Amino acid sequence: FDLLLTSTNDLAITPDGDCRLAVGLTNIVQTARIRLSVVQGTLNRHPSFGLPIKVGQSTADLDATSLLRAARNLFVDDPMFTGVDSASVLKNGPTATINLSVRAKGQSQNIPITLNLSK
């Protein structure tokens, strides 16, 4: 479990000033969202962690192979996830779409994740 975050990764605070916990599938989805939002090179101790794209960067500058490799690697070292079954990157003009199918520990079904990157 973890502290519950909003869709913009802010701490979710209730009207009475309390915060909730993210458990189960909510925590899995939240963890995946956080991992996919990290820009590669921004963590000093883990410079290869994250996706190699920055806000405002053109998707034309992206190499689909390195983007796919980086997306797969985001789920390798987390004990919550047991692997990535399938992954694909589709570049269409100014947009790139990453599709992942990840396995989570204790879950019988794969979890589909789609991330749209646009300029």
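The values are calculated or read from the model by the stated rules, or taken from the named source; none is laboratory data. Just so we're clear, the structure is a prediction, and the values are computed from it rather than from any experiment. Positions of Cβ are backbone-derived with ideal geometry, glycine not excepted, and every protein chain shown enters the neighbour counts. Side chains included, ligands, DNA and RNA excluded: accessible areas come from the protein's heavy atoms. Shrake-Rupley method; radii C 1.70, N 1.55, O 1.52, S 1.80 Å.
Extension gain for the segment residue 63 to residue 46, taken as residue separation times 0.36 nm less the Cα-Cα distance, is 4.0 nm to one decimal. Taking all C-alpha pairs of region 48-119, those more than 18 Å from each other amount to 38 percent. With N as its number of residues, region 36-75 has a Cα radius of gyration that, divided by 2.2 N^0.38 Å, comes to 1.09.
The long axis of helix 64-73 is offset from the longest Cα principal axis of the chain by roughly 30 degrees. Structure remark: mean-square fluctuation, Gaussian network model of the chain, C-alpha springs under 10 Å; the largest value among 52, 79, 15 belongs to 15.
If you fit an axis through the alpha-carbon atoms of helix 24-37 and take the longest principal axis of the Cα set of the chain, what angle between them do you get, 0 to 90°, nearest 10? Once rounded, one gets 40 degrees. Within the assembled protein chains, the solvent-accessible surface assigned to residue 95 is about 50 Å², based on a 1.4 Å probe. Extending 7 Å from the Cα toward the beta-carbon at both residue 11 and residue 38 defines two label points whose distance is 2.1 nm.
Counting only heavy atoms of the protein chains and using a 1.4 Å probe, residue 81 has close to 10 Å² of accessible surface.
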